[in-house]
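Everything below concerns the one structure shown next.
The values are calculated or read from the model by the stated rules, or taken from the named source; none is laboratory data. None of the values given here were measured: they were computed from a predicted structure. When we count neighbours, we look across all protein chains shown, and the Cβ atoms used for this are built from the backbone with ideal geometry, even at glycine. In case anyone asks, the SASA skips ligands and DNA or RNA and just uses the protein heavy atoms, side chains included. Shrake-Rupley method; radii C 1.70, N 1.55, O 1.52, S 1.80 Å.
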Amino acid sequence: MRLRRITAGRSPVHGMGLFALQPIAGGERVIEYKGELTSWRRAAARQRSEVGHTFVFGLSDGRVIDGSRGGNSARFLHHACSPNCEAIETGERVFIHALTAIAPGQELFIDYGLSVDGAVTDELRTQYTCHCRASGCRRTMLGSNAASG
Ligand SMILES: [Zn+2]
């Protein structure tokens, strides 16, 4: 039997977060990011009623995985500008891998690097402001390709 390696819990960042229960080695696959495959526009329309949490994962083809619909605990991953995990896209599936060794009790983070379909409005900018306080913080969860617009 494999031990449960991660769990959702209260995060000092905001709401719920994802935490390591067991030591995780760098490069290890941690969890699949599950949810409904949909368009950015549909997911964004749903998001407006859930202020402060981002339950979408952008795929390279412009669609998103909406973790608020049929998702697993991967939706509790917070954004950080210097994350300890990364998302690897395989076809229409996304897997979260550790970037570095993670000790039990540490919170897991990925760089959302969100790309927005259409203009980046002030409303979006506000919704996706980053508060990770890392020295290299970009102050946004949006990817560089969405920084201008
Ligand atoms: Zn940041």
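Restricting the calculation to alpha carbons of the chain gives Rg and Dmax of 14.7, 50 angstrom. With R₀ fixed at 30 Å, the C-beta to C-beta distance from Arg93 to Thr7 puts the FRET efficiency at about 0.85. Using the Cβ-Cβ distance between Thr126 and Gln106 with R0 = 30 Å, the FRET efficiency computed as 1/(1 + (r/R0)^6) comes to roughly 0.55.
In the chain, taking the dipole from charged Cβ atoms about the Cα centre, the farthest positive-side position among Gln106, Gly118, Ser60 is held by Gln106.
What you get for the chain, charging only the Cβ of Lys and Arg (+1) and of Asp and Glu (-1), is a dipole of about 340 debye around the Cα centre. Is any residue of region 1-36 close enough, with backbone N under 11 Å, to a label point placed 7 angstrom from the Cα of Arg133 along the Cα-Cβ axis, and if so, which? Residues passing the 11 Å test: 12-13. For the chain, the carbon plus sulfur part of the accessible surface works out to 51%, probe radius 1.4 Å.
On a per residue basis, region 1-118 carries 51 Å² of accessible surface, using protein heavy atoms and a 1.4 Å probe.
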